[in-house]
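Quick notes on the structure that follows.
The values are calculated or read from the model by the stated rules, or taken from the named source; none is laboratory data. Predicted model, so just to flag it, every value in this text is computed and none were measured. Glycine also receives a Cβ, built like all others from the backbone with ideal geometry; neighbour counts cover every protein chain displayed.
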Amino acid sequence: MSMRPGGELATRPLHFIWIADCSGSMAVDGKIQSLNTAIKEAIPHMQDVADENPNAQVLVRAVRFSDGAQWHVSQATDIADFKWDDLDAGGVTAMGKALSIVADQLKIPPMDERALPPVLVLISDGQPTDDFAGGLQALMNEPWGRKAVRIAIAIGEDADQEVLKKFIANPELRPLQANNPESLIKYIRWVSTAVLKSASSPASQSAAASTAGLNVPIPALPDTTGPSADDVW
Amino acid sequence: MNLENDTPRWQAAGQSVRGAAHERSGMPNQDAICWRPDCGAGSLLVLAVADGHGSSRYPRSHTGASLAVETATQLVHDFVTSQEEAENLSLVKRAAEEWLPRALVRAWRDAVDEHIKANPLSEIELDALGRTNGDFTKAYGATIVTVAVAERFVLYLQLGDGEILTVTDQGAVSKPLVKDDRLFANETTSLCTADAWSDFRVSFQPITHEQPALILLATDGYPNSFRDEAGFLKVGPDILHTIRAEGLGHIHENLERWLTDSTRAGSGDDVTLGILCSFVPFCG
């Protein structure tokens, strides 16, 4: 038995980052509790997806933003070991700062060129109160920021759709509108399973075909239609 | 002077294995490899590897990769053979840089058209393509990496992702082609795009004093299987050492297992490695 040529082998990292609005309005009508519940419920499903594709190492982090922005989970944590500590709400909406600190972590290094495209999930119920454009620019200045799968979930009618569209920066993909806890759970589940599965595939595609920005195929959205009387946000 | 003994001779080896992710999903290997002449030895050898894009939007990319390596090796072999007597290498270089990429894309598209005529696209495939503008070559989207070694020059051509490494007699590794920053985040330039010829990277290197001892061609599933680039670059001197110590036959015997181990513990993608080594007697 002879030695395999080359150095150490390793699966490809797939960074998944929650970017969560924790402003004061998220305390109204149980939004922040619903978000905590939805993410907690999604974790075992993310673990299942990761188990199905052992060649992608799913690493999860989370950013919270209100009066400022901080890493809620700062270490890129293997999904097998990931635990969710509840977020609480209070303050304003420093979304731009949140995007800036994500941008810092998407630089190469610490990111690796061989990584799979990261998944960024921005969840907000309001309008940014800081320099959103500057934060978005910082994110888009990084190659991994531009090539990340960027999903936005709008909680309630007051969420700024235009800002979320700018974050997505893709006319083929709109913000997901969650007006009740059930639809929020469905969207969180979708992004943490179907989108995660798609992003963890090694399939490539023509760069010319992805000028719209969808370098990862986005799976069909979950059905969240239901009686409007259920809409509480 | 015995010219025949002084003429560098080359040998080819290689293997392609289905990726661990494709084994799980039941998808075929999207990579392909081919060399000419078939015997894999001579003073003129052409080796090509290709990587079909693999997603549902490219439903025949495994066929596209096979057509790519077949057409590229044939065309480049014919080209180099036709230039063997040329006195002015500058003209050969110019033709390689300007004519060959166009001819390669044209030959591949012709082969794709023939394949479609013989095997019309199904409704499911047409749906996957989006029934856009009638140009269904996209279904066959693939990359192509080709190296020709001849008595007086080495020619490197690459469209899309993948890697070429050269290894000197002393084991020093380098890349003969400039980096293409567009090859990032699962995106690649491709044979199936308009003006694909303009995306080729080409290097024509006359053999003046020292030729490479070893040239490696790999689809991206192989370098992506290593924790870092240093680990991938180490493949070069390791294979050179193994060939010298145990012979090319040892590579033939073990390559499939090495590549299978790589995809399973690494990227999960299809993995293909082509090897061109200048002939050295087995010293083991």
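Looking across segment B:215-250, the residues that are facing chain A (nearest Cβ under 9 Å), in contact with a helix residue (DSSP H, G or I) (Cβ under 8 Å, 6 or more places away or on another chain) and more than 15 Å from A:Leu9 (Cβ to Cβ) come down to B:Ile239, B:Thr242, B:His250. Scanning segment B:133-192 for residues that are among the small types (Gly, Ala, Ser), part of a strand (DSSP E or B) and closer than 15 Å to B:Ser278 by Cβ yields a single hit, B:Ala148.
If you filter segment B:178-200 down to residues that are in contact with a Ser or Thr (Cβ under 8 Å, 6 or more places away or on another chain) and more than 7 Å from every other protein chain (Cβ to nearest Cβ), you find that the one that is surrounded by the most Cβ atoms within 10 Å (Cβ to Cβ) is B:Leu191. Please name all residue pairs, on different chains or six or more residues apart, with Cβ atoms under 7 Å, provided the first residue is in segment A:180-198 and is in contact (Cβ under 8 Å) with a residue 24 or more places away in the chain and basic (Lys, Arg) and the second residue is surrounded by fewer than 24 Cβ atoms within 10 Å (Cβ to Cβ) and part of a helix (DSSP H, G or I). Within 7 Å, the pairs are A:Arg189/A:Ala42; A:Arg189/A:His45; A:Lys197/A:Val49. Regarding segment A:14-32, can at least one residue be identified that is among the aliphatic types (A, V, I, L, M), away from chain B (no Cβ under 14 Å) and farther than 21 Å from A:Asp158 by Cα? For segment A:14-32, residues among the aliphatic types (A, V, I, L, M), away from chain B (no Cβ under 14 Å) and farther than 21 Å from A:Asp158 by Cα: present. Being within 14 Å of chain A (Cβ to nearest Cβ), farther than 19 Å from B:Gln205 by Cα, β-branched (Val, Ile, Thr) and crowded, with 19+ Cβ neighbours inside 10 Å is not true of B:Val112. Scanning segment B:35-59 for residues that are part of a loop (DSSP other than H, G, I, E, B), in contact with a helix residue (DSSP H, G or I) (Cβ under 7 Å, 6 or more places away or on another chain) and within 12 Å of another protein chain (Cβ to nearest Cβ) yields B:His53, B:Ser56, B:Arg57, B:Tyr58, B:Pro59. Only residues that are over 17 Å from the mean Cα position of the chain (by Cα) and more than 11 Å from A:Leu164 (Cα to Cα) were counted across segment A:113-137, and they come to 8. Scan segment A:58-75 and give yes if some residue there is hydroxyl-bearing (Ser, Thr, Tyr), within 14 Å of chain B (Cβ to nearest Cβ), crowded, with 17+ Cβ neighbours inside 10 Å and in contact (Cβ under 8 Å) with a residue 24 or more places away in the chain, otherwise no. There is no residue in segment A:58-75 that is hydroxyl-bearing (Ser, Thr, Tyr), within 14 Å of chain B (Cβ to nearest Cβ), crowded, with 17+ Cβ neighbours inside 10 Å and in contact (Cβ under 8 Å) with a residue 24 or more places away in the chain. For A:Asp21, the test of being surrounded by fewer than 20 Cβ atoms within 10 Å (Cβ to Cβ) and at pLDDT 95 or above is failed. When the residues of segment A:8-47 are filtered to those that are in a helix (DSSP H, G or I) and of a type in the set (Ser, Thr, Tyr), the one that is nearest to B:Asp238 (Cα to Cα) is A:Thr37. Evaluation of B:Ala86 against the conditions (1) part of a helix (DSSP H, G or I); (2) without any contact (Cβ under 8 Å) to a residue 24 or more places away in the chain; (3) touching a helix residue (DSSP H, G or I) at 6+ places or on another chain (Cβ under 6 Å); (4) not charged (D, E, K, R) shows that the sole unmet condition is (1). The helices (runs of 4 or more DSSP H) located wholly in segment A:111-201 that include 2 or more residues which are under 26 Å from A:Ala27 (Cβ atoms) occupy A:132-141, A:161-168, A:181-190. Mind telling me which of the residues A:Thr93, A:Thr37 ends up being over 30 Å from A:Ala133 (Cβ atoms), crowded, with 17+ Cβ neighbours inside 10 Å and in contact (Cβ under 8 Å) with a residue 40 or more places away in the chain? After ruling out the rest, the residue left standing is A:Thr37. In segment B:13-34 there is no residue that is more than 14 Å from every other protein chain (Cβ to nearest Cβ), touching a residue at least 40 places away in the same chain (Cβ under 8 Å), surrounded by fewer than 24 Cβ atoms within 10 Å (Cβ to Cβ) and not in a strand (DSSP E or B).
Look at segment B:252-278: where a residue is more than 9 Å from chain A (Cβ to nearest Cβ) and a partner is part of a helix (DSSP H, G or I), sitting 6+ places away or on another chain with Cβ atoms under 6 Å, you get B:Val271/B:Leu259; B:Val271/B:Ser262; B:Val271/B:Thr263; B:Cys277/B:Ile243.
Whether any residue in segment A:83-97 is under 18 Å from A:Val191 (Cβ atoms), more than 14 Å from the chain's Cα centre (by Cα) and not aliphatic (A, V, I, L, M) is what I want to check. Taking every residue of segment A:83-97 in turn, at least one turns out to be under 18 Å from A:Val191 (Cβ atoms), more than 14 Å from the chain's Cα centre (by Cα) and not aliphatic (A, V, I, L, M).
Specify which of the listed residues (A:Ala50, A:Ala89, A:Ala62) is assigned to a helix (DSSP H, G or I) and of a type in the set (A, V, I, L, M, F, W, C). Reasoning before the result, please.
On the way: A:Ala89 fails: assigned to a helix (DSSP H, G or I); A:Ala62 fails: assigned to a helix (DSSP H, G or I).
On inspection, the qualifying residue turns out to be A:Ala50.
Confirm whether A:Leu9 is in contact (Cβ under 8 Å) with a residue 40 or more places away in the chain, surrounded by 16 or more Cβ atoms within 10 Å (Cβ to Cβ) and either within 14 Å of chain B (Cβ to nearest Cβ) or within 19 Å of the chain's Cα centre (by Cα) (or both). So A:Leu9 fails the test.
In segment A:148-173, the residue that is surrounded by the fewest Cβ atoms within 10 Å (Cβ to Cβ) out of those that are at pLDDT below 95 and among the charged types (D, E, K, R) is A:Glu172.
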